[in-house]
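Asks: Just passing along the structure, written as structure tokens.
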Amino acid sequence: MKALCWYGKQDVRVLNVDDPAILNPRDAIIRITSTAICGSDLHLYNGMIPTMQLGDILGHEFMGEVIELGSSVTNLKIGDRVVIPFTISCGGCFFCNRQLYSLCDNSNPNAAMAEKMYGYSGSALYGYSHLFGGYAGGQAEYVRVPFADVGAFKIPDELSDDQALFLTDILPTGFMAAENANIQRGDTVAVWGCGPVGQFTIQSAYWHGAERVIAIDHIPERLEMARTHGKAETLNYEEVNVLETLNEMTGGIGPDACIDCVGLESHGFSPDAIYDKVKTKLMLATDRLHALREAITACRKGGSVSVPGVYAGYLDKFPFGAAFSKGLTLKMGQTHVHRYLDELIKKVIGNGKPGFDPSYIITHRYPLSSAPEAYKTFYENKGECIKVVLTP
Amino acid sequence: MPVSTQSVESFFESMKASQRTLTANLNDTEKWLSIAAGAYLGVKGLSRGGPSGLLATGLAAGLLYRGLTGHCYLYDQLGIDTTEKSSLTVIPAQQGVHVKKSVTIAKPIEEVFRFWDDVENLPRFMTHIISVTTTGESRSHWIAEAPLGLQVEWDAEVFNRVPNELIAWQSLPGGAVQSVGSIRFAEQPNGRGTSVTLNMKYNPTGGKVTDAIAGLFGRDLASEIDGDLRNFKRLLEAGELPTVDGQTHGPRSSLSRML
């Protein structure tokens, strides 16, 4: 089959490799019909994630059709159309039993390696380094899905690939970000970062009862999308003082909930590497952290700060005193995709009324064979290029 | 608590206690060789004089002390003990490596106990054990991987077994491996499942030094127990061991050609 393989910094190649095979009884093989490039794939593209090996297959947002099943998978059949959560979960441990799927104890074969680094191991991820399990990703023609009985969700034929694809990662991530923000009916919610996750967080904030959403970014195209599709008021942080403006817009109270969809974009994954980066690239690192500091500083007393953006190490000058004195609630973490999929599939179908169509974020399409060009475009042109979909 | 359960605990306790006092770690042959070498060097050193004579005399005093007390500080540091032991002890105090590790498994205590109790299940999650065969009511025969592609074999016996609470075993004399261990099972509240605590001691060929070197390659007892208990949990909770061995990937060399 054809697959996108990683060969180092800004070197990804589409190569002919062996087809995937069933390795465990709970495995399935999926023929991929659509796959996307995630913003976090750019960290791999830039060689910032340790424990990658030459030839690793990338991609964690993918969907397709079941073509082969392991002997223990009884709830799927050949030909089912499925979306695959990017987090891999066993479905049987303490954490899976409590729907904390991204904290699964058992899915990462290299859990001992992760424990040495972080003191614990979360779930494995597709195509995201050997620290996170070393599973081959889905920017390919076929993929092996472990624990397929809990890790593949059937979707009805009435949904197109474009409508269903983002159920794998970014739509549930936006949804959980809004849930973590503890939004009450009538609340004003501020969202930092208008990438794909930010866009879906805006939408999810309304689903959770928000009256107003204020979106913050500096890329005009992304702010435009937040206005037209997200019905959000927007702030360009290069043009206005965000803290002052938010204060004015909320009558001096501050937003009820603040959501950081930026994260620490510039990161290596070891705590020491993070600390070094903060120290050596001070300007860049303080910029990145700025979103979280601003969210905490802006939030009203007794409000909630939700963090879907990824952080990996130690943070410098984190305003914990402000968070404490305002009695804030902070909630964060990797998305428990499995927990939200039944509900979100219903939202996309629409229950009699027109459903939510997440495909508006797609700005670029490429065949899988042009994936290296797609990565280059996505990396170099963040204004125009918001979401890239690849077709095998 | 059954009497023999306590004897396992008191075994570990006495082992720790003995490390705090100066105990003999040389056998009679070594003691006499040490005394003889010390006396010889002492006579030579005193008769020669000068710096080299002084050095020899110092060395002689050390050897005499080592022989007369039967205690060698170097052996102590290296974990070596050459004294003759009574056949009652599987692994003498000061020898071997002790590991203790706990893990919680989200399954009922009966199921967890039953799985471990069937010794023939053990190779399914103990990576370096090739096979365990039941040879008697409480006895079994073990075959394990050894370095350089070799195999080692030994017999073991369960000397205490309390259903849903404890299994304790020890290796029998004459085998290639000396080990003693116990696993305790305890129910955790609110449906959290069962905690298991493995307490194990074994005597690697070459003593603690070998285990320390093996540790550099992640093959020491602590790493192996860690991996085995993790696999035990995975097998019970997920029904299989997660793996990427044998999955597809691009060539592991950057010389691969683009399509």
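The values are calculated or read from the model by the stated rules, or taken from the named source; none is laboratory data. If you're wondering where the values come from, they're calculated on a predicted model, not measured in any experiment. Every residue, glycine as well, gets a Cβ built from its backbone with ideal geometry; the counts of neighbours run over all protein chains shown. Just so you know, the surface numbers come from the protein's heavy atoms only, side chains and all, with ligands and any DNA or RNA stripped out. Shrake-Rupley method; radii C 1.70, N 1.55, O 1.52, S 1.80 Å.
Asks: For labels at B:Y65 and B:Q188 in the simple 7 Å Cα→Cβ model, what's the distance in nm?
Replies: 5.1 nm
Asks: On a 0 to 90° scale, report how tilted helix A:371-380 is relative to the longest principal axis of chain A, with both axes built from alpha carbons and the result rounded to the nearest 10.
Replies: 10 degrees
Asks: Where Lys and Arg each count +1 and Asp and Glu each count -1, what net charge lies around A:F94 among other residues with Cβ under 12 Å from its Cβ?
Replies: Neighbour charge sum, excluding A:F94 itself: +2.
Asks: Okay, next question. Taking 0.36 nm per residue of sequence separation and subtracting the Cα-Cα distance, how much length would be gained by fully extending the chain between B:R161 and B:S195, in nm to one decimal?
Replies: The B:R161-B:S195 span can extend by a further 10.5 nm.
Asks: Something else about it: Okay, helix-only estimate at 222 nm for chain A: each DSSP H run of n ≥ 4 adds -39500 (n - 2.57), divide by all residues, round to 500 deg cm²/dmol; what do you get?
Replies: Values: 14 runs with 121 residues, N = 392.
Helices in chain A give a 222 nm mean residue ellipticity of -8500 deg cm²/dmol.
Asks: Now for a different question. May I ask which residue of A:G79, A:Y118, A:Q53 lies farthest towards the positive end of the charge dipole of the protein assembly as shown, with charges of +1 (Lys, Arg) and -1 (Asp, Glu) on Cβ and the Cα centre as origin?
Replies: A:Y118
Asks: What is the sum of charges, Lys and Arg at +1 and Asp and Glu at -1, for the other residues whose Cβ falls under 13 Å from the Cβ of B:R161?
Replies: -2
Asks: Using R₀ = 41 Å, calculate the FRET efficiency as 1/(1 + (r/R₀)^6) where r is the Cβ-Cβ separation of B:L33 and B:T133; round to 0.05.
Replies: It comes to 0.40.
Asks: Continuing with the same structure: Please get the size of the charge dipole for the protein assembly as shown, origin at its Cα centre, with Cβ charges of +1 on Lys and Arg and -1 on Asp and Glu, quoted in debye to the nearest 20.
Replies: Roughly 1260 debye for the protein assembly as shown.
Asks: Ranked from highest to lowest mean number of other Cβ atoms within 10 Å per residue, what is the order of the peptides A:378-386, A:212-220, A:130-138? Could you put the intermediate results ahead of the total?
Replies: Working: A:378-386: 15.1, A:212-220: 21.6, A:130-138: 25.3.
Per-residue Cβ counts within 10 Å, averaged per peptide and sorted highest first, yield A:130-138, A:212-220, A:378-386.
Asks: Using only protein heavy atoms and a 1.4 Å probe, report how much of A:K9 is accessible, in Å² to the nearest 10.
Replies: We get 140 Å² for A:K9.
Asks: Using a 1.4 angstrom probe and counting only protein chains, how large is the accessible area of A:V242 in Å², to 10?
Replies: 10 Å²
Asks: Roughly what % of DSSP beta bridges within the protein assembly as shown run antiparallel, to the nearest 5?
Replies: Just about 75 percent of them are antiparallel.
Asks: What distance in nm lies between label points placed 7 Å from Cα along the C-beta direction at B:N121 and B:S253?
Replies: Label at B:N121, label at B:S253, 4.6 nm between them.
Asks: Something else now. Just want the answer: with Cβ charges of +1 for Lys and Arg and -1 for Asp and Glu, which residue in A:G209, A:P354, A:Y379 is farthest toward the dipole's positive end in the protein assembly as shown?
Replies: Working it through, the farthest residue towards the positive pole turns out to be A:Y379.
Asks: Go through B:F115, A:F62 and list them by solvent-accessible area, largest first, probe radius 1.4 Å.
Replies: Details: B:F115 35, A:F62 0 Å².
Of B:F115, A:F62, the descending order of accessible area is B:F115, A:F62.
Asks: Would you mind checking the tilt of helix A:196-207 against the longest principal axis of the Cα atoms of chain A, expressed as 0 to 90 degrees and rounded to 10?
Replies: The angle comes out at about 70 degrees.
Asks: Turning to a different aspect of this structure: Does segment A:36-147 come out rounded, prolate or oblate, given a ≥ b ≥ c as the square roots of the eigenvalues of its C-alpha gyration tensor, rounded meaning a/c under 1.5 and, failing that, prolate meaning a/b above b/c?
Replies: It comes out oblate by the Cα gyration axes.
Asks: Cα centroids of segment B:113-152 and segment A:160-197: how far apart, whole angstrom?
Replies: When both Cα centres are located, 50 Å separates them.
Asks: Evaluate the charge dipole of segment A:70-199 about its Cα centre and quote only its size in Debye, nearest 20, assuming +1 on the Cβ of each Lys and Arg and -1 on the Cβ of each Asp and Glu.
Replies: Magnitude of the dipole: close to 300 debye.
Asks: Can you send over the solvent-accessible area of B:T135, 1.4 Å probe, protein chains only, in Å² to the nearest 10?
Replies: Approximately 90 Å² of B:T135 is accessible to the 1.4 Å probe.
Asks: So if R0 is 35 Å, what FRET efficiency would A:E343 and A:E224 give, r being the distance between their Cβ atoms, rounded to the nearest 0.05?
Replies: About 0.75, to the nearest 0.05.
Asks: Hey, another quick one. For A:L330 and A:Q99, FRET efficiency with R0 = 22 Å and r from the beta-carbon atoms, rounded to 0.05?
Replies: 0.65
Asks: If eta is 0.890 mPa s and T is 25 °C, what Stokes-Einstein diffusion coefficient results for the protein assembly as shown, Kirkwood Rh from Cα pairs, in µm²/s?
Replies: 86 µm²/s
Asks: Taking 0.36 nm per intervening residue step and subtracting the Cα-Cα distance, what contour gain separates A:E373 from A:K9 on full extension? Can you show the working numbers first?
Replies: On the way: separation 364, 0.36 × 364 = 131.04 nm, distance 1.43 nm.
Stretched out fully, the A:E373 to A:K9 stretch lengthens by 129.6 nm.
Asks: How do B:R252, B:R184 rank by accessible surface area computed with a 1.4 Å probe, from largest to smallest?
Replies: B:R252, B:R184
Asks: For chain A, find the longest principal axis of its Cα atoms and tell me its angle to the long axis of helix A:282-298, 0 to 90°, nearest 10.
Replies: Tilt relative to chain A: about 70 degrees.
Asks: Using a probe radius of 1.4 Å on protein heavy atoms only, what is the accessible area buried between chains B and A, both sides summed, to the nearest 100 Å²?
Replies: Accessible area lost upon association: around 2800 Å².
Asks: Just add up the charged neighbours of A:L341: K/R +1, D/E -1, any other residue whose Cβ is under 13 Å from the Cβ of A:L341.
Replies: +1
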